[in-house]
1. Report, for the chain, the % of DSSP beta bridges that are antiparallel, rounded to 5.
2. Using only the alpha-carbon atoms, how far is helix 24-34 inclined from the longest principal axis of the chain? Give it as 0 to 90 degrees, nearest 10.
3. Using helices alone, I'd like the mean residue ellipticity at 222 nm for the chain: each DSSP H run of four-plus residues gives -39500 (n - 2.57), total over residue count, nearest 500.
4. Which whole-number percent is the relative contact order of the chain (Cα, under 8 Å, 6+ apart)?
5. Along Cα→Cβ, 7 Å out, is where each label goes; now give me the distance between the ones at Ile4 and Glu157 in nm to one decimal.
6. Rounding to the nearest 10 and keeping the result within 0 to 90°, find how far the Cα-based axis of helix 42-55 lies from the longest principal axis of the chain.
7. If you put +1 on each Lys and Arg Cβ and -1 on each Asp and Glu Cβ, how big is the dipole of the chain around its Cα centre, in Debye rounded to 20?
8. Measure off 7 Å from each Cα along the Cα-to-Cβ vector at Asp26 and Ile12, then give the distance between these two points in nanometres to one decimal.
Amino acid sequence: MRVIVQRAMNQICKRLIDRALPGVLDDLRAYSRGSETTGTQWITLWMAVRGISKTRPAWILESGTGASTLVLAAAVQKLRRTHSDYHGKIISMESVPEWFDIATANLPDTYRDVVEIVLGPREKFEMAMYRGYIHANIPQHDYAFVLLDAPAFSDAEGIAFCADIFKVMDLSRAPIIHGVVDGRASSVMVIQQIFGTAAARYWHGLYAAKFALPRINFRDTNLRTTRDFSTSIFGRLEFVKFRR
Ligand SMILES: C[S@@+](CC[C@H](N)C(=O)[O-])C[C@H]1O[C@@H](n2cnc3c(N)ncnc32)[C@H](O)[C@@H]1O
């Protein structure tokens, strides 16, 4: 059932993207001849296109370069055409040199004015009681939208999570950071634990989530147990420090 829902939703979202961004599917077909990317789901890409057109972010961070980069670039270029005061730009992070070279060589010239692809090897990132992985070398900008689709997040210790969304909180001055996650349930789980379930709802049938998160200082080391954690009558603890 889950697979059927996911397949149907992906087909619908592919059509919506084709209608919203005419010509982008041709660009993607040409791109896929030069690069065997694993690809981001159409569902996630449609959520990103909608989010970008609604929130008009000045800076977008893409974690994981590939076919998705073309879709984000087409969305930004459309917004630039329809809103003369909009000058949005995309930083697309790639952690693997081989994929960085392929993506840089294959990015169509038409998108180069809005996208910069940056090589950033994966790097450990520790925050509060969580451990994750980010891309190194993320340039400092006021990111207000993130597409989270990399880097690899498992290691000898088990499953960690993709943490670029929290690295962005160090770099950006945007008060709210919008974005989407493709798969990566562990990343969504950390977001839910810190900000609450409503901050990023996740269903296996979509295999994706969108979020809008206030920027927080997770390095605050003060602990006020009875204030920072709530308990239910069944003894369940919840970390609520950043929900106020
Ligand atoms: C889920 S992929 C990112 C996909 C990208 N957003 C796209 O639309 O193609 C995550 C990472 O896997 C690596 N990767 C890309 N293509 C790959 C492939 N064909 N096989 C294995 N790894 C790949 C890259 O390092 C990439 O950043």
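Just so you know, all these numbers are worked out from the coordinates, no wet-lab data involved. Just so we're clear, the structure is a prediction, and the values are computed from it rather than from any experiment. Methodologically, a virtual Cβ is constructed for each residue, glycine included, from the backbone with ideal geometry; neighbour enumeration extends over all protein chains shown.
1. Values: 19 of 39 bridges.
For the chain, the DSSP antiparallel bridge percentage is about 50.
2. That works out to roughly 90 degrees.
3. Per the formula, -11500 deg cm²/dmol.
4. Details: 435 pairs, mean separation 40.7, N = 244.
It rounds to 17 percent for the chain.
5. According to this spin-label approximation, the distance is 4.2 nm.
6. 80
7. Working: 31 positive and 24 negative charges, 240 e Å.
The dipole magnitude comes to about 1160 debye.
8. Computed distance between label sites Asp26 and Ile12 equals 2.8 nm.
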